[in-house]
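Okay, so here's the structure we're looking at.
The values are calculated or read from the model by the stated rules, or taken from the named source; none is laboratory data. Computed from a prediction, not measured in an experiment: that's the story for all the values here. Cβ sites come from the backbone with ideal geometry, for glycine too, and all protein chains shown count toward neighbours. All accessible areas refer to the heavy atoms of the entire protein, side chains included, with ligands and DNA or RNA removed. Shrake-Rupley method; radii C 1.70, N 1.55, O 1.52, S 1.80 Å.
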Amino acid sequence: ESDMHVASATTRLVSARATPHASRPRLDAPAVRASPCRGTARPTRRGPLSDSAPDVTRTMASGVPSGGLETHPPLDPPPPSSPEDVAAVRAYVQSSPLFPQLGLHPASTTDAAAETWAHLAETLCAFLRLDPNDLAQDSAARVYKYYVPAYLWCVGRLEKHRHEKRASERPKTKTRPLCVALTAPQGCGKTTLVAALEFLFEKNGVAAASASVDDFYLTGAEQDKLSLANPGNALLRYRGNAGTHDVQLAVNTLRSLRSINDDDFATLTVSVPRYDKTLRGGRGDRAAREFWPEITAPLDIVLLEGWMLGFAPAADADAFAAHPDLPAVNAALRDDAYGDLHALLDDWIVVRVRDTRWVRSWRLEAEQQARSEGRPTLTDAEVADFVNRFLPAYDLYAGAMYRRGPWRGGTDLTGDSLPCDEGSVFVVEVDATRNVVGGREVKP
């Protein structure tokens, strides 16, 4: 089926596309403030979705690309009392600090676009089990100011990807899936965001699949072997840091997903690994193959999330200065296939924080929630010890990624790693309570 087909469900989304701003993204730019938005953990739905691949030329939002910083009301408007209040929906979505990254001018947004945003919000509320007519302020902000803009940005990137591939590929060739990476610290809601995006794609006729870098951890036996081979290295004792993944498995899986549409005359299927963190008393192990989802062509978009995605190798001296055990992690990041993995990713959602120590409380909260549900977990003391093994990597790599952008693979690690396509990085800033408080500042 040609990807020129336009599904009716998708054409209702919006009626004009966005184009990238002319300015280069500044990941270290001051945040644009917004009202709170809190994320909560929910299991991710992963696997094959709709096999209909609509053209998304008209799926962003009615508006004229502004090419610069959008003008927002001086005070944040109140959340909509109901999705039926189209004017309130329009004002509230446009007040999001993420809105400027969509490249739309607020004054040009039509009622039809606002109605589309309201429909997306209702769909998200159904997924999150929220009443769209009785949302707390933090929930309203999460839905309207975070998830809706993130989805619209993804749709715009998918549209751009399709147009570029159609211009460069032979006629009747199915466009390969767009690969979008989501990098965010542990516990700040990246799994929920990926699940919400995948749910919206499914409801609007876009075939999506998702995976986590965590799914490619070494097996339990392999991790034990790695720990024994590095008896004095606390950072390699348990899963988590670079060096504890089967990176080649990740590369092979992503390559298979990228090429899943290559054969127009056969149905291709790719099995995606899964990792079960509740096995081995909470230390985790790779799930049996029978639990790996089967992804079937055609496929439009792949979402890959991970806490250390985008981290670029540092100088050995800097690694040692950060932590005496970190050079081995840095060497794995540099010498293993992590660069090959990063080179396969097209676009990025970067969720940034001002203090990576917040991960401690977030991870403890997640473990306590799992414990309340009767699932095997780590003790509070084990959680603290576990998280402490990640903090040196955050200290060394996260700040550099926020300044220069996510690593795209390659060996030039000293300069700006952002691509020429400045619109390919979507930045979200969250605070200690996981409220969305900022995004990339867009300059004229």
| task | Of all residues in the range 315-345, count the ones that are surrounded by fewer than 21 Cβ atoms within 10 Å (Cβ to Cβ), in contact (Cβ under 8 Å) with a residue 12 or more places away in the chain and outside any helix (DSSP H, G or I). | result | 5
| Among the candidates Gly306, Gly281, Gly243, which residue alone is in the same structural domain as Asp336 (by the TED database), open to solvent by 50 Å² or more (accessible area, probe 1.4 Å) and of a type outside the set (Ser, Thr, Tyr)? | Gly281
| task | Give the range 280-306 a look and list any residue that's in contact with a strand residue (DSSP E or B) (Cβ under 7 Å, 6 or more places away or on another chain) and of a type in the set (Phe, Trp, Tyr), or say none. | result | Trp292
| message | Looking at (1) modelled with pLDDT of 90 or more; (2) surrounded by 14 or more Cβ atoms within 10 Å (Cβ to Cβ), which one does Arg403 not meet, given that it meets all the others? | response | (2)
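Results for (1) of a type in the set (Val, Ile, Thr); (2) more than 30 Å from Val387 (Cβ to Cβ); (3) touching a residue at least 24 places away in the same chain (Cβ under 8 Å), shown as yes or no for each residue.
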position	(1), (2), (3)
Thr175	yes, yes, yes
Val180	yes, no, yes
Ala184	no, no, yes
Val194	yes, no, yes
Glu198	no, no, yes
Val206	yes, yes, yes
Ala211	no, no, yes
Asp215	no, no, yes
Gly220	no, no, yes
| Criterion: free of Cβ contacts under 8 Å to residues at least 40 places away in the same chain and in contact with a Pro (Cβ under 7 Å, 6 or more places away or on another chain) - qualifying residue of Leu235, Leu249 | Leu249
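Which count do you get for residues in the range 288-302 that are open to solvent by 10 Å² or more (accessible area, probe 1.4 Å) and either modelled with pLDDT of 95 or more or not β-branched (Val, Ile, Thr) (or both)?
9
Please work out if Val251 is within 19 Å of the chain's Cα centre (by Cα), closer than 16 Å to Val329 by Cβ and in the same structural domain as Trp307 (by the TED database).
No.
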| query | So, of the residues in the range 347-362 that are crowded, with 20+ Cβ neighbours inside 10 Å and more than 19 Å from Gly438 (Cα to Cα), which turns out to be nearest to the chain's Cα centre (by Cα)? | reply | Asp347
| remark: Among (1) in contact (Cβ under 8 Å) with a residue 40 or more places away in the chain; (2) outside the structural domain of Leu396 (by the TED database), Glu164 falls short only on (1)
| query | Mind checking whether some residue in the range 139-153 is of a type in the set (Gly, Ala, Ser) and part of a loop (DSSP other than H, G, I, E, B)? | reply | no
| query | Here are some residues: Glu222, Glu164, Glu202, Glu159. Which one is open to solvent by 20 Å² or more (accessible area, probe 1.4 Å) and either under 17 Å from Asp346 (Cβ atoms) or part of a loop (DSSP other than H, G, I, E, B) (or both)? | reply | Glu164
